[in-house]
Amino acid sequence: MTATVITGIAELVTNDEDLEGADHSEHLGRLHKAAVIVKDGLIAWVGPASRAPEADRRRDVGGRTVIPGFVDSHSHLVFAGDRSAEFAARMTGVKYDGGGIANSVWATRAASDDDLRALVVARIEEMRAQGTTTVEIKSGYGLSVEDEARSLRIAAEFTSETTFLGAHVVPPAYVDRRAEYVALVTGEMLSACAPHARWIDVFCEPRSAHAFTEEEARVVLSAGRDAGLGLRVHGNQLGPGPGARLAVEMGAASIDHCTFLSEEDIEALAAASDTTVATLLPGAEFSTRSRYPDARRLFDAGVSIALATDCNPGTCYSSSMPFVLALAVREMGLTPAEALRAATVGSAKSLRRNDIGVIRPGSRADLAVLDAPSYLHLSYRPGVPIASTLEERGRHGS
Ligand SMILES: [Zn+2]
């Protein structure tokens, strides 16, 4: 394979805390006037442009900033249908309680494989155009054995980070037979889905009649673990609840949302920071006009933090990691550097990956380019399309 040297990098953010000669303030491992050599899809060399070894090809990014591609560790991309009217209603004061998911379920079940696949392709292209190089995709709009397995089969065509979320909501047909639905999810549905999934997830939110109780969530997660899947939890989104504590107790890789956490929850997450990451999804708070999680407090308490979009048709139909970063800085009190780390190396940790979210020899050559002299512009210029993946930029020319 040929090696390509990428030059013209005004600022390079590596997240590599061991990189020699780098500016290590705020743990970004920053170099100015840098070069990177890419070979066989991996990073082969990182350093000052003046010391770059020869390579077969040269690519000049023209004085831009290069960062690790964003790792969007929480998305729900496999769905059909349109729920914009529900969003409009919510903006006039109708409250979100998780019930609208059923609308996406009908539309998703009715869509053909090709239609669903085309929708996922378009959403992933949208993400790449904004600098995302890894995406986790959940099922959860099928809610039958056949439709959940189909969603995961399609998701697995695009990412190895697939998550079985049969326990997204209790389908309307099972409202009076909840135990039967949990048995289906942990039995036949899990067997059909596990071959296509790396993770299992559950919406543990006892305040919502549509979501799952602590006990139900524990049963779902235990069954997933027995089937060899890693654990993730949706919790503490709509109010205080057991999700975060359950995630820590079961050694889940991630507890997602974390909008309402008690002191005890934060202490437990801080103590489990090597194992369980708090994934914050401020796009959901933005789109449901809810209060934001207190990222500053979590960070200062020593909790491991990730940022992701939660891209989904109901509570946040945004695929934009730069938008999420801007919210994290403006609304949740993170510094631009903390937000960038949470959206790259932090979200990689929530997927238990150390080959992404960082630019160091041996890591994947997943790079994003910013039309800016510094990473600070990500949150300084909200809504401006300055970020894209390096491949995306190559397609449209530098
Ligand atoms: Zn979600």
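The values are calculated or read from the model by the stated rules, or taken from the named source; none is laboratory data. Everything quoted here is computed from the prediction, not taken from an experiment. Note that we place each Cβ from the backbone using ideal geometry, even for glycine, and neighbour counts take in every protein chain shown. These accessible areas exclude ligands, DNA and RNA; they are computed on the full protein's heavy atoms, side chains included. Shrake-Rupley method; radii C 1.70, N 1.55, O 1.52, S 1.80 Å.
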For Asp265, indicate whether it is surrounded by 17 or more Cβ atoms within 10 Å (Cβ to Cβ) and within 16 Å of the ligand (Cβ to nearest atom). no
Pairs returned, first residue in the range 149-165 that is without any contact (Cβ under 8 Å) to a residue 40 or more places away in the chain, second residue that is outside any helix (DSSP H, G or I) and within 14 Å of the ligand (Cβ to nearest atom), beta-carbon separation under 6 angstrom, 6 or more apart or interchain, are Thr159/Val135; Thr159/Ile137; Thr162/Ile137
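Which residue is farthest from the ligand (Cβ to nearest atom), if the candidates are limited to the range 128-158 and must be at negative phi, open to solvent by less than 20 Å² (accessible area, probe 1.4 Å) and in a loop (DSSP other than H, G, I, E, B)?
Step one: filter the range 128-158 for residues at negative phi, giving 128-130, 132-139, 141-142, 144-158.
Subsequent filtering for residues that are open to solvent by less than 20 Å² (accessible area, probe 1.4 Å) retains 132, 134-139, 141-142, 148-149, 151-152, 154-155.
Now drop any that are not in a loop (DSSP other than H, G, I, E, B), which leaves 136, 139, 141-142.
Numbers: Glu136: 10, Ser139: 11, Tyr141: 11, Gly142: 15 Å.
Among them, the one singled out is Gly142.
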The one condition Gly241 fails out of (1) touching a helix residue (DSSP H, G or I) at 6+ places or on another chain (Cβ under 6 Å); (2) open to solvent by 10 Å² or more (accessible area, probe 1.4 Å) is (1)
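If we only count strands (runs of 3 or more DSSP E) wholly inside the range 298-394, which ones have 3 or more residues that are more than 16 Å from the ligand (Cβ to nearest atom)? First the steps, then the outcome.
Values: elements: 305-307, 367-370, 387-389.
Ranges flagged: 367-370, 387-389.
Looking at this structure, is Glu54 acidic (Asp, Glu) and not in a loop (DSSP other than H, G, I, E, B)?
no
Scan the range 344-362 residue by residue and report those that are within 19 Å of the chain's Cα centre (by Cα) and under 24 Å from Lys33 (Cβ atoms).
Just the residues of the range 344-362 that are within 19 Å of the chain's Cα centre (by Cα), to begin with: 344-359.
Within the range 344-362, Thr344, Val345, Gly357, Val358, Ile359 qualify.
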Within the range 186-211, residues touching a strand residue (DSSP E or B) at 6+ places or on another chain (Cβ under 8 Å) and among the aliphatic types (A, V, I, L, M) come out as Met189, Leu190, Ala194, Ala197, Ile200, Val202, Ala211
Of the conditions (1) farther than 22 Å from Leu340 by Cα; (2) crowded, with 24+ Cβ neighbours inside 10 Å, the single one that Asp310 does not satisfy is (1)
Residues of the range 73-127 being in a loop (DSSP other than H, G, I, E, B), under 23 Å from the mean Cα position of the chain (by Cα) and not small (Gly, Ala, Ser), in sequence order, are His74, His76, Leu77, Val78, Phe79, Asp82, Arg83, Tyr96, Asp97
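Quick test for you: out of Phe70, Phe79, pick the one residue that is within 16 Å of the ligand (Cβ to nearest atom) and either surrounded by fewer than 19 Cβ atoms within 10 Å (Cβ to Cβ) or of a type outside the set (Asp, Glu) (or both). Walk me through it before giving the result.
Working: Phe70 fails: within 16 Å of the ligand (Cβ to nearest atom).
Exactly one residue qualifies, and that residue is Phe79.
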If we keep only residues of the range 159-173 that are surrounded by fewer than 19 Cβ atoms within 10 Å (Cβ to Cβ) and not in a loop (DSSP other than H, G, I, E, B), then the residue nearest to the ligand (Cβ to nearest atom) is Pro172
query: Going by the conditions given, is Ser398 at pLDDT 95 or above and either surrounded by fewer than 24 Cβ atoms within 10 Å (Cβ to Cβ) or out of contact with any Leu (no Cβ under 9 Å at 6 or more places or on another chain) (or both)?
result: no
